[in-house]
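Worksheet for the structure shown next.
Derivation of every value follows stated rules applied to the coordinates shown; laboratory data play no part. Small disclaimer: the values here were computed from a predicted structure and weren't measured. Every residue, glycine among them, receives a Cβ derived from its backbone with ideal geometry; neighbour counts consider all protein chains shown.
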Amino acid sequence: QEHYDVARRVQQTLQKYKSLQDIIAILGMDELSEEDKLTVARARKIQRFLSQPFHVAEVFTGIPGKFVQIEDTVKSFKAVVDGEYDHLPEAAFYMVGGIEEAVEKGKKLAAEAA
């Protein structure tokens, strides 16, 4: 049941983002409400997080594949949708396995920016 609920919330977040894209294209991000800005940020993180490196793609990406337990995946997406990782940059979610890797990557990116 939790898997289904989280999957639906992820879908709703991505659908809301898709519906906001026209507004963003015409008026820009500044014209969105704070709630919509959060939705956009979370949706973009979800999109990046969906880029988990696969073993079969290693030949093409040069990034070793990762295996993540489904329970960890569900828990991680729930945390992203709930805003627990709003403080992490979007780039931290790209081509990582579990959420722990995203947190580590976020720390590394913050250290590089400082």
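Hey, if you put +1 on the Cβ of every Lys and Arg and -1 on every Asp and Glu Cβ in the chain, which of 56, 103, 14 ends up farthest toward the positive end of that dipole? In the chain, that residue is 56. The fewest-to-most ranking of 85, 4 by surrounding Cβ atoms within 10 Å reads 4, 85. For helix 99-113, report the angle its Cα long axis makes with the longest principal axis of the Cα atoms of the chain; keep it between 0 and 90° and round to the nearest 10°. Value to nearest ten degrees: 70. Given R₀ = 35 Å, what would the calculated FRET efficiency be for residue 66 paired with residue 30, taking r from the Cβ atoms and rounding to 0.05? According to the calculation, E is roughly 0.45.
Relative to the longest principal axis of the Cα atoms of the chain, the long axis of helix 70-82 makes an angle of roughly 30 degrees. Label-to-label distance for residue 4 and residue 109 is 3.4 nm, based on points extended 7 Å past Cα in the beta-carbon direction.
Which of 93, 49, 67 moves the most in a Gaussian network model of the chain with Cα springs under 10 Å? Highest fluctuation among the options: 67.
Taking Cα centre as origin and charging only the Cβ of basic (Lys, Arg, +1) and acidic (Asp, Glu, -1) residues, the dipole magnitude of segment 2-113 rounds to 260 debye.
Length gained on full extension, residue 86 to residue 37: 16.5 nm, using 0.36 nm per residue less the C-alpha separation.
Mind telling me which of 28, 65, 97 comes out most flexible in a GNM of the chain, alpha-carbon contacts under 10 Å? Residue with maximal mean-square fluctuation among 28, 65, 97: 28.
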